[in-house]
Amino acid sequence: MGITIENLGKLESLFETKKWEIIKESDKYSSIFNRFCARLGLFDEKKQDLLIELGHEFLNIPFNEYQDYFLGALKKIDKITDYDLIIISPLKTRSPIESKSADAVWYSLKRFDYTYESLATKLKFESNWDNIKKLLTKPKSILILVDDFIGTGGTVRDILDELHAQSLILKSDKIMVLTFVAQLQGIKYINSVYPSIVTCTKILNRGISDNYTGLDKIEKLALMDEIEKKLKVRDSFRLGYGKSESLFAITDRSANNTFPVFWLEESKQLAPFKR
């Protein structure tokens, strides 16, 4: 179908607002701008308008902001300065459930320099559970389990359930789950069993259902339904996994909770923020 001149201008404006790099050379298939153009070109003008509009709400965290998101969430923990020992560990168990992102985040955070941070002398990065249990016996200690994103909250609850079942953490331990970003629905789901255990820097609403009302919401959901039918999105990922309607990526890679139009690739159909 191609992109109208007007929508090409809107897309360029979106990238400028987001400070995303604009690379237009036709042979640069890895360019997010070119991939976004390719995705828009599959749809008519109204659907292009919707995707550009949602793009303004899209959060893509670059690697150089990891430390800021971590510290932002850490400092939100009530009376965090009262603790003498802050143990930072990946959000996983001995038999990891979806631990790859947690490991990657933990290793990245571990490498940053915290010399000039007020909590620097209290931070202890540890991934071995035998060592973590010993450290938690110390007075004024807290365990922070880290990952980058919470979507539905199901994985986090599964991990916490397993940690308790294995006696790796006890009811008496002070535990927090820290992520850079979390969907509101996921926080509520976790809180129903583990109240006030989540801290994050940014909370996301559902991209359409929570941000629009009335006929406007109905129309935009109908457009997204047509988009996903054209892309042949599997039922389990319609509106994002768990119908999260997320608009999130980290280092240019989408969570599967994000609307599939932004990440699903088939054959030569390129997506802006692929999985």
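Here are a few things to note about the model shown:
- Heavy atoms of L91: accessible area, 1.4 Å probe, square angstrom to 10: 10
- Accessible area per residue in Å² at 1.4 Å probe, computed on the stretch 156-251: 48
- Inter-probe distance in nm under a simple model that places probes 7 Å from Cα toward Cβ, at L184 and S196: 2.1
- A simple spin-label model places pseudo-atoms 7 Å from Cα toward Cβ; at K134 and S209 they are separated by 4.7 nm.
- Look at where the Cα atoms of the stretch 248-270 and of the stretch 174-231 average out, and the two centres are 17 Å apart.
- R0 of 25 Å, Cβ-Cβ distance K229-E57: FRET efficiency to nearest 0.05: 0.65
- Heavy-atom accessible area with a 1.4 Å probe sorts K202, K229, largest first, into K229, K202.
- 14 Å tail of the calculated P(r), the stretch 200-275, as % of Cα pairs: 61
- Counting only residues at least eight positions apart within a chain, or on another chain, the lysines with an alpha carbon under 17 Å from that of K18 are K10, K202.
- By the Cα gyration tensor, the stretch 1-147 has an equivalent ellipsoid whose semi-axes, rounded to whole angstrom, run 43, 16, 13 from largest to smallest.
- The largest accessible area among S244, S236, S118 belongs to the first residue in S118, S236, S244, and the rest follow in falling order (1.4 Å probe, all chains).
- When the P(r) is computed for the chain, the part past 35 Å accounts for 25% of the Cα-Cα pairs.
- The stretch 122-275: translational diffusion in µm²/s, Stokes-Einstein, Kirkwood Rh over Cα pairs, 37 °C, 0.692 mPa s: 189
- Heavy-atom accessible surface of the chain: percent carbon and sulfur, 1.4 Å: 49
- Stretchable slack from S236 to N256, in nm (0.36 nm times residue separation minus alpha-carbon distance): 6.2 nm
- The fraction of Cα-Cα pairs per 10 angstrom bin, counted from 0 for the stretch 60-132, comes to 17, 50, 31, 2 percent, rounded to whole percents.
The values are calculated or read from the model by the stated rules, or taken from the named source; none is laboratory data. Keep in mind the model is a prediction, meaning the values are calculated, not measured. Backbone-built Cβ (ideal geometry, glycine too); neighbour counts: all protein chains shown. With ligands, DNA and RNA removed, areas are computed over all heavy atoms of the protein, side chains included. Shrake-Rupley method; radii C 1.70, N 1.55, O 1.52, S 1.80 Å.
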